[in-house]
Amino acid sequence: MKNRIIKTLIFNKQLRLYLINNTELIEEILQIKEQSNIIINTALANSVTIATLLSATLKGNQRLSTTLTMSKPKYKIHTDADAHGNIRGYANNYLLSQGQYKTIKQLIGLKGAIRMIKGVDMNQFTGITDMPYQNIDKDFAHYFKQSEQTDTLFKTHVDWEGNGTIKNSYGFYAQLLPNSSEGLLKIVEEKSEMLISILKGLPHSTEVEVINLLNRYFSGVEFIGYSSAQFFCGCSKAMFYGLLHSIDKSELKEYVQTGKSITSTCNICGRNYHFNTDEMKTYLREGSTN
Ligand SMILES: [Zn+2]
């Protein structure tokens, strides 16, 4: 059950509980930027895991984008998810080049903020909240309490190998459904350790095994289905050739003469696309024959 979100209702439809082990997905995302700061990678992995879990709540053409802005406002972590489980996420180049922190708390700082945009094209809802806990899981729960008045619990984890490569990434999301008893979320929180052990083994477990385990700790467990999740961005280098159009020809010639390359970054997945001087020369030649 790699990268698949298991969707359940527990306590007789009073609480939504979604589980994921998205190790492969996070591995792919981390490969794009190839950077090794464990604190930034952990913050990114945890944010992407939350976006992954929330993707299972989207419908039709809905999309959900989140931006974490750290106390230093140029430092940002973006995630993007759609209802088909296409997940993207990255720490921006500024954070990767400048950020030196020992803890996530330090990285977020006292003035962090979460912005969430959810909806379809023109019909979008944007919410912004602060990050009083300096903790990604707790601050996302705070977001839902503030902007949607729902009681939510997130637990995300990532385990690293000694050399800084990813070992395991997993998380769960629990949300109280309308008219449910408030204390139920507390019960789930108390069982976090048990849920974490289920999540660690998720890639090697069957659906029946998972449901049996949940039944041991919670009443009224109901399996409602799976959602797939995978890294996917539709961007390509060809799409970024348009960027060359927007640059003045004399300026491009200057780049060619000085041997500089141009880099453009996809603002959905964070992939960098480089245009070297040969590519610019080709572009200028083709441009002049049209
Ligand atoms: Zn992209």
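Looking only at residues that are small (Gly, Ala, Ser) and in contact with a Ser or Thr (Cβ under 9 Å, 6 or more places away or on another chain) in the range 92-128, which one is farthest from the ligand (Cβ to nearest atom)?
Filtering the range 92-128 for residues that are small (Gly, Ala, Ser) and in contact with a Ser or Thr (Cβ under 9 Å, 6 or more places away or on another chain), the one farthest from the ligand (Cβ to nearest atom) comes out as 109.
When the residues of the range 226-267 are filtered to those that are over 26 Å from residue 172 (Cβ atoms), of a type in the set (A, V, I, L, M) and surrounded by 12 or more Cβ atoms within 10 Å (Cβ to Cβ), which remaining residue is farthest from the chain's Cα centre (by Cα)?
256
For residues in the range 202-225 being surrounded by 15 or more Cβ atoms within 10 Å (Cβ to Cβ) and either without any contact (Cβ under 8 Å) to a residue 40 or more places away in the chain or not in a helix (DSSP H, G or I) (or both), which is nearest to the ligand (Cβ to nearest atom)?
The extreme case among them is 205.
So if I check each of 199, 184, which one is within 16 Å of residue 53 (Cβ to Cβ) and touching a strand residue (DSSP E or B) at 6+ places or on another chain (Cβ under 7 Å)?
The match here is 199.
Quick one: residue 225 ticks every box in (1) on the phi < 0 side of the Ramachandran plot; (2) in contact with a Lys or Arg (Cβ under 6 Å, 6 or more places away or on another chain) except a single one, so which number is it?
Here residue 225 clears every test but (1).
Out of 38, 50, 6, I need the residue that is of a type in the set (Val, Ile, Thr) and surrounded by fewer than 17 Cβ atoms within 10 Å (Cβ to Cβ). Which one?
Step by step, each of 38, 50, 6 is checked, and only 38 is of a type in the set (Val, Ile, Thr) and surrounded by fewer than 17 Cβ atoms within 10 Å (Cβ to Cβ).
Would it be correct to say that residue 205 is at pLDDT 95 or above and within 21 Å of residue 49 (Cβ to Cβ)?
Here the answer is no, as residue 205 does not meet what is asked.
Just the residues that are closer than 22 Å to residue 64 by Cα and not in a strand (DSSP E or B), please, taken from the range 3-24.
Answer for the range 3-24, where residues must be closer than 22 Å to residue 64 by Cα and not in a strand (DSSP E or B): 3, 22, 23, 24.
Listed here are the residues, each with its yes/no results for (1) at pLDDT 95 or above; (2) within 21 Å of residue 39 (Cβ to Cβ); (3) acidic (Asp, Glu).
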site	(1), (2), (3)
103	yes, yes, no
107	yes, yes, no
119	no, no, no
123	no, no, no
127	yes, no, no
134	yes, yes, no
146	yes, no, no
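May I ask you to say which residue of 97, 55 is surrounded by 20 or more Cβ atoms within 10 Å (Cβ to Cβ) and out of contact with any helix residue (DSSP H, G or I) (no Cβ under 7 Å at 6 or more places or on another chain)?
Of 97, 55, the one residue that is surrounded by 20 or more Cβ atoms within 10 Å (Cβ to Cβ) and out of contact with any helix residue (DSSP H, G or I) (no Cβ under 7 Å at 6 or more places or on another chain) is 55.
Can you find a residue in the range 115-138 that is crowded, with 19+ Cβ neighbours inside 10 Å and of a type in the set (Gly, Ala, Ser)?
Checked against the condition, which is being crowded, with 19+ Cβ neighbours inside 10 Å and of a type in the set (Gly, Ala, Ser), the range 115-138 yields no hits at all.
How do the pairs read when you match residues in the range 239-267 that are closer than 28 Å to residue 78 by Cα and in a helix (DSSP H, G or I) with residues anywhere that are among the aromatic types (Phe, Trp, Tyr) and within 16 Å of the ligand (Cβ to nearest atom), using Cβ under 6 Å and keeping only pairs 6 or more apart or on different chains?
Every condition considered, the pairs that remain are 240/273.
Tell me, which residue of the range 268-278 that is in contact (Cβ under 8 Å) with a residue 12 or more places away in the chain and farther than 12 Å from residue 32 by Cβ is nearest to the ligand (Cβ to nearest atom)?
274
Away from the ligand (no atom under 16 Å from the Cβ), buried (at least 16 other Cβ atoms within 10 Å of the Cβ) and either under 19 Å from residue 17 (Cβ atoms) or modelled with pLDDT of 95 or more (or both), is that true of residue 197?
no
The values are calculated or read from the model by the stated rules, or taken from the named source; none is laboratory data. Because the structure is predicted, anything quoted here is derived from the model rather than measured. All Cβ positions, even for glycine, are placed from backbone atoms using ideal geometry, and neighbour counts span all protein chains on display.
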